[in-house]
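Okay, so here's the structure we're looking at.
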Amino acid sequence: MTIAPFSQLCSRFKSLICLAVCAAPLITGCDDRHKPVVKIGYMICNSESETLQRFLPLTRYLSDRTGIEFIAVPVDTQDFERRFKAGEFAFTHTNSLLYVILREKYQLAPLAAERRGNFGVRTAGVLISRKDSGITSLAHVRGRKVAFGPMLAPTGYLAEYDLLLRSGIDPEKDLAPYTIPSGSFKHEKLVYGVLYGQYDVAATPLLDLEVMAREGKITPDDFTIIAQTELIPYCTVGAAPSADPQLIAKVQQALVELKESNTVELNGERLKVLKSSWVDGFEPIADSAYDPIRAMARRTNMPPYQKY
Amino acid sequence: MSFDRYDKTLLMLSGLLIAAACALLIVSAPHDMIPTTVGKSDRTLAKALAHQARLALLERIYGPVEALAANGHVQDALLKLEEISRSYPGEPYGMVLKGDLLFRLGAIEEAAARYADGVKRQGDYVDRTSPLSRRQRIEQVIQRAMGVIASRQAAGESGPGLSSLVRNINYLRSRLAGGCE
């Protein structure tokens, strides 16, 4: 066996070092690529682009806080259950009715509720009319053109439908055929529909009215609030039973600790997470807080208790 | 240097003009520019006048909200207040008024937060002698909130909402108790 000369050994050693230096970024890159990926399904509120614009900073924040790569998946309300059942995402951000449906059928765990508007983690539904319409009470709603929000909206449909039923008005029989506007931004369309005389009465989330008044889009003097439903939880973050319990705890902690001052870097911009998401904060919430919604869904024969 | 009659006339007229101007300045000057004795009673009066003017202005701004609430349209009042708050976002009266409305609508936690915000900005709301005083209502909120806190703590609840409620209620209690007197 011959031994290589010292100079040759040095040269080989240098080559090895160069190779290691060149390979390091590749190895790091590989690590990033194999970083665990977890998807969050965000229920589309007004439009897909608006939903992503709102929640991409929150998704990045969760990635930064947990060391897991979270991916935001915008999901149509009507497709949510099917896609959740198929395991497309482990975490959810939905309205409270969808939360109840997923809880009852698939044991979704509640992590936190969104705090927003005058009533914190809760809000209500209202029935509104135009001030000069003469419609000032539930008794006046009978036989009128009424518009509701999307069918799975807890404070844009469910709560008002339930309120009418409990007041002795069956929306299926006692109203002029009711409508649900099509397309995006349904809640705003309803408010403007009443303002411009398209509908006599509209069922709308109180939160949307508050925001529209605060932004100067409407003046409350133009409307009469005919009736208001009880306060119920609104948007909720949940986790599938299959999700890693440690990760669930980390996500919950990150949400609850999220402050107005928290920022993330996204597409070259530094953004405030809560402000971008239109949220004031997150609160841990018990499943029992959703019992009023369960009662409403039972009374109105809505999912997850629907019977044919 | 000698003055002829023309110079003397000019000098006399100039003197008269200066004297007239001084007299005019003194007569037309605002009262606070005239060196008079500004006593304690004047300052008290000025303060009282400013207070009256403030009350009248608050009544003019928030009158529509209070009228709606007085007629039982509490939610309409709250929405009207949202609209007004765009123009006067930091006004403590608006915050305390929102506290009143939220309390009537059963939102104790949020009502306590608004009262605490308002009282931090202006102490009149816990002053027994002030026409703006809300002591009684704040005491009611504290009483209700203590029950809420106890039941939530008993249920093992935690989180920023509960902490913030406790903090706000403790603040309001300390303001009602007053300082060293």
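For segment A:175-206, run through the chymotrypsin sites (Phe, Trp or Tyr not before Pro) and keep only the ones in DSSP coil with at most 11 other Cβ atoms within 10 Å of their Cβ.
Qualifying residues, ordered by number: A:Tyr196.
Within a 10 angstrom radius of the beta carbon, how do A:Tyr99, A:Tyr308 rank from fewest other beta carbons to most? Provide the component values of the computation, followed by the final result.
On the way: A:Tyr99 27, A:Tyr308 3.
Starting with the residue having the fewest Cβ neighbours, the order is A:Tyr308, A:Tyr99.
Send over the Kirkwood Rh of chain B, from the inverse of the averaged 1/r over different Cα pairs, rounded to one decimal Å. Could you put the intermediate results ahead of the total?
On the way: mean 1/r = 0.0483 Å⁻¹.
Computed over Cα pairs of chain B, the Kirkwood hydrodynamic radius comes out at 20.7 Å.
May I ask you to list, by number, the DSSP H helices of chain B whose Cα span along the axis is at least 27 Å and whose average Kyte-Doolittle hydropathy reaches -0.5 or more?
Counting only whole DSSP H runs, the qualifying helices are B:5-28, B:40-70, B:135-154.
Give me the orientation-averaged projected area of the Cα convex hull of the protein assembly as shown, in nm², one decimal.
The number I arrive at for the protein assembly as shown is 51.4 nm².
If you build the convex hull over the alpha carbons only and average its shadow over all orientations, what do you get for segment B:40-86? Give it in nm² to one decimal.
3.8
Mind ranking A:206-212, A:124-130 by how tightly packed they are, going by the mean number of other C-beta atoms within 10 angstrom, highest first?
A:124-130, A:206-212
Which trypsin sites (Lys or Arg not before Pro) in segment A:213-253 sit in a loop by DSSP (not H, G, I, E or B) and have at most 15 other Cβ atoms within 10 Å of their own Cβ? Mind showing how you got there, number by number?
On the way: sites: A:Arg214, A:Lys217, A:Lys250; in loops: A:Lys217.
In loop regions of segment A:213-253 (DSSP not H, G, I, E or B), the sparsely surrounded trypsin sites (Lys or Arg not before Pro) are A:Lys217.
Where is the GNM fluctuation largest for chain A (alpha-carbon springs, 10 angstrom cutoff): A:Ala213, A:Ala153, A:Ala243?
A:Ala213
Decide, for segment A:184-293, between rounded, prolate and oblate: order the square roots of the alpha carbon gyration tensor eigenvalues as a ≥ b ≥ c, take rounded if a/c falls under 1.5, and otherwise choose prolate if a/b is larger than b/c, else oblate.
Oblate, because a/c is 1.5 or more while a/b does not exceed b/c.
Please tell me which of these pairs span more than 28 angstrom C-alpha to C-alpha: A:Lys145/B:Lys80; A:Lys250/A:Lys307; A:Lys217/B:Lys98; A:Lys131/A:Lys173?
Violating the 28 Å limit, Cα to Cα: A:Lys250/A:Lys307.
Treat each spin label as a single point 7 Å out from the Cα along the C-beta direction, and report the A:Lys105 to B:Asn71 distance in nm.
Spacing of the two 7 Å Cα→Cβ label points: 4.6 nm.
Please build a GNM for chain B, connecting alpha carbons under 10 Å apart, and tell me which residue among B:Met12, B:Met95, B:Met146 fluctuates the most.
B:Met12
What is the gain in length, in nm to one decimal, between B:Leu11 and B:Ala155 on full extension, counting 0.36 nm per residue of separation less the C-alpha to C-alpha distance?
Between B:Leu11 and B:Ala155, full extension yields an extra 42.4 nm.
Quick one, what does Rg over Rh come out to for segment A:108-225 if you take C-alpha atoms and the Kirkwood Rh?
Across segment A:108-225, the Cα-based Rg/Rh ratio is 0.97.
Once amide H atoms are placed 1.01 Å from N in the peptide plane, what residues at a sequence separation of 5 or more from A:Val75, or on another chain, have their amide H within under 5 Å of its amide H?
A:Tyr42, A:Met43, A:Ile44
Read the figures in this text as sums done on the coordinates, not as results from a lab. This structure is a prediction, so every number in the text was calculated from the model and none was measured. Quick reminder, even Gly has a Cβ in these numbers, built from the backbone with ideal geometry, and neighbours come from all protein chains shown.
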